[in-house]
Amino acid sequence: MKEKYEIMVLDDEPIVCKRLQNHLQKKGFSVETFITGQEAMDRLAQHHFHILITDLKMSGAEGIEVIRFAGKHSHRIKTIVISGFATNETADEAFKAGAVEFIAKPFKLSQIRKLVEQLAAEIRLENKL
Amino acid sequence: MADESEKNGAGQTAELSSEEEKQAEETQRALLERPQISIRLRITLSFLLLFIILCGMGIASFLFITQFDSKQKFLETTSNYAFEVQQARRYEKNFFLYGTNLKDALSNVQAAQNVLRFDREDMISVIGDEKFTEMEQSLNRYEALLNRVHSLHRSSNPADSLKLIPLESDLRKYGSEILANASSAINQERLEIYRLISTGKFAVVVSLIFFLLSIGYIISFLTRQILRPINRAIEYTQRIAEGDFSPVKPMRKYRDEFSNLAMALNRMIHEIRAHQDQLTQSRKMAAIGNLTAGIAHELNNPLNNISLTTETLLEDFDDYSKEEKLKMLHDIFDQVERAGSTVRNLLDFTRVEKPIFTSVSVSELVNTTLKLLKNEFTLNDIQVEPEIDKNLPPVNGNPKNLQQVLLNLLLNGVQAMPDGGTLKVKSTLKKDGFIRIDVTDTGIGIPSEYIDKIFDPFFTTKEVGKGTGLGLAVSHGIIENHKGKITVLSKIGKGTTFSVFLPYQINPL
Ligand SMILES: Nc1ncnc2c1ncn2[C@@H]1O[C@H](COP(=O)(O)OP(=O)(O)OP(=O)(O)O)[C@@H](O)[C@H]1O
Ligand SMILES: [Mg+2]
């Protein structure tokens, strides 16, 4: 039986949430979306997600905080950062906080899907070991 | 504690143009070029003057006392001399009346001669050589006569007794002459002493007054020379603290220690300005960095939304219902609009062409802008209280630009009061050539850590799609263009006042 991977999407752009949810659910993932960092962290504290897809805003502070929080509460979580503010500094900061991928906006749904599937495969492998 | 914060939006962008640099150098040179009279020199001179006056007074009193003393001595001597002569004359009279001994008279004359000899120097110094010799001679003549009388009297020759008669009248004449001379000298000297005393008194009073006056003058002179520049230096530091960096100019004819202070102040002003310019320069660079990053962020998000929605439609067109597809198309349309408005705002922000300036009435400007927003106010339950002085002079400006500023401030006010409130618009004429327009809301206020950022492009605390963060940046640019400034005063939970200062036209065309 194929395991259902749980994904959290955090972005204050509602369209991003809706499109990603729609798309990834179709591909067989379970997706929950949030538009504020606080709500996302409340949920992360109660529930384990496999993958976190989060936006990084210009000031960056809130997004980084969520990435750290996620890492602390479920340390095997894989974090993908999506940002319209793609500079080397923000990417570095995101990686330091624990992100594994950094995708610049605008991106393609297929791009995200491939990445998510790849990470899911990694998780499967890790679980087997 | 009250969370009150203030920020000067405009200004502070003072650039060290070569024109100003030259002016600064010139004042520095003007400060140096004046003749140098140091304060130390001035104080020394003042005290030297006082010292000279005091010495003069001392020497004068010493001379006075010496003179008084010698006159006094002369009086004494002359009195002694007169006494001896008087005595001699008494014996001479007795001799002629009763035939008594003439020896006593002679010894008195000798005593008088001794007095003269003894105090010769002193007397000469007072009555002069000529008078003294005269006195001496008449005394000698008198003595000679007495001697003759004495010898005639003693001879047994009766013819000699006859010769005595003319001698007697001669003697009397000389005797009284000597006495008269002496007493007239005494009187004269007395008079002179009286005169000396009264001149002395007068001189003391006058020199005392003169001394007091000079002390008063020196004190007031020194305080003027020292206190005034100190007060001026205090004024300068206050001026500098308020951000006025024009150099300190020479105010007095001479160069002294305070000129060195003024030059030090000028050097300090120069340094501060150089540092500030560096700071504004680096802030500008940071702002440009922010701006590009902001543009990227603000445009990438709507583009991303458009891309995701289009991709969904392209891939799974048939999986969605007609309503869902329409909704997605609407989303795309909205996001295009959003990107477009960002670009429009950006163009406003970076517009290079000069807007056309005309005479603008502030009261009209405020009224039309308030009318534009009437719906917005009623929808958001907002009370508007305009307090507009109708007699304000016009300002020279671009009406569209100025309206945009007012719109931005009023909309920010509305957005700061989600549960309704009061929006006050007040205009006043200021004495320094500015018209002040205050826009006050009773909204949420601005946290002090944001105050420094609100004028930065793309700084916003508003939700996605509600604010681009360009409103205040654009307004700031416009007001700067109008040679005015914009300031903010805010208290968390109480409200915010934005104040716009615009220079008014002195002679409206
Ligand atoms: N009257 C006010 N009360 C409270 N906060 C304010 C007020 N005016 C401005 N601000 C703060 O300053 C920020 C910047 O304002 P600005 O007008 O530049 O951008 P914005 O209103 O967010 O977006 P835009 O005006 O471009 O739609 C706002 O996001 C808000 O946090
Ligand atoms: Mg605004």
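The values are calculated or read from the model by the stated rules, or taken from the named source; none is laboratory data. Treat the numbers as computed from the prediction; the structure is a model and nothing was measured. Note that each Cβ is placed from the backbone with ideal geometry, even for glycine, and that neighbours are counted across all protein chains shown. For the accessible areas, the whole protein counts, side chains as well, though only heavy atoms, and no ligand, DNA or RNA atoms are used. Shrake-Rupley method; radii C 1.70, N 1.55, O 1.52, S 1.80 Å.
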| message | I'd like the residue in the range B:316-334 that is open to solvent by 20 Å² or more (accessible area, probe 1.4 Å) and at the interface with chain A (Cβ under 10 Å from one of its Cβ atoms) and, out of all such residues, is farthest from B:Leu470 (Cα to Cα). | response | B:Asp319
| Condition test on B:Leu191, is it open to solvent by 70 Å² or more (accessible area, probe 1.4 Å) and more than 30 Å from B:Asn114 (Cβ to Cβ)? | no
| field | Candidate set from the range B:454-472 (those that are over 40 Å from the mean Cα position of the chain (by Cα) and more than 6 Å from ligand 1 (Cβ to nearest atom)); member that is farthest from B:Ile492 (Cα to Cα) | value | B:Gly465
| query | What is the number of the single condition among (1) over 30 Å from B:Pro35 (Cβ atoms); (2) touching a Leu at 6+ places or on another chain (Cβ under 8 Å) that B:Lys201 does not meet? | reply | (2)
| said: Give me the helices (runs of 4 or more DSSP H) completely within the range A:45-129, filtered to those with at least 3 residues that are more than 19 Å from A:Phe29 (Cα to Cα), away from chain B (no Cβ under 14 Å) and at pLDDT 90 or above, ordered by residue number. | reply: A:61-73, A:88-97
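One line per residue, one yes/no per condition, for (1) assigned by TED's automatic domain parsing to the domain that holds B:Ser499; (2) of a type in the set (S, T, N, Q); (3) modelled with pLDDT under 75:
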| residue | (1), (2), (3) |
| --- | --- |
| B:Glu4 | no, no, yes |
| B:Ser18 | no, yes, yes |
| B:Leu32 | no, no, no |
| B:Ile37 | no, no, no |
| note | B:Asp438 passes all but one of the listed conditions (1) charged (D, E, K, R); (2) in contact (Cβ under 8 Å) with a residue 24 or more places away in the chain; (3) open to solvent by 50 Å² or more (accessible area, probe 1.4 Å); (4) more than 16 Å from ligand 2 (Cβ to nearest atom); the exception is number (3)
| request: Kindly check whether there is at least one residue in the range B:298-315 that is facing chain A (nearest Cβ under 10 Å), closer than 27 Å to B:Gly469 by Cβ and of a type in the set (D, E, K, R). | output: yes
| said: Consider the range B:156-171. How many of its residues are open to solvent by 40 Å² or more (accessible area, probe 1.4 Å) and either without any contact (Cβ under 8 Å) to a residue 60 or more places away in the chain or of a type in the set (Val, Ile, Thr) (or both)? | reply: 11
| message | Could you tell me how many of the residues in the range B:465-479 are polar (S, T, N, Q) and either surrounded by fewer than 24 Cβ atoms within 10 Å (Cβ to Cβ) or more than 9 Å from ligand 2 (Cβ to nearest atom) (or both)? | response | 1
| said: If B:Val425 meets every condition in (1) near ligand 1 (Cβ under 7 Å from one of its atoms); (2) surrounded by 17 or more Cβ atoms within 10 Å (Cβ to Cβ) apart from one, which number is that one? | reply: (1)
| said: Could you check the range B:153-186 and list, in sequence order, the residues that are of a type in the set (Lys, Arg) and farther than 21 Å from B:Gln86 by Cα? | reply: B:Arg154, B:Lys163
| request: Return a yes/no flag: does the range B:412-419 have any residue that is away from ligand 2 (no atom under 16 Å from the Cβ), over 15 Å from B:Leu502 (Cβ atoms), surrounded by fewer than 17 Cβ atoms within 10 Å (Cβ to Cβ) and assigned by TED's automatic domain parsing to the domain that holds B:Gly469. | output: yes
| note | Reported set for the range B:444-464 where residues are without any contact (Cβ under 8 Å) to a residue 60 or more places away in the chain and more than 12 Å from ligand 2 (Cβ to nearest atom) is B:Ile444, B:Glu449, B:Tyr450, B:Lys453, B:Glu463
| Restricting to the range B:434-453, what's the tally of residues that are within 7 Å of ligand 1 (Cβ to nearest atom) and within 14 Å of another protein chain (Cβ to nearest Cβ)? | 1
| message | Which count do you get for residues in the range B:480-492 that are open to solvent by less than 30 Å² (accessible area, probe 1.4 Å) and more than 10 Å from ligand 1 (Cβ to nearest atom)? | response | 4
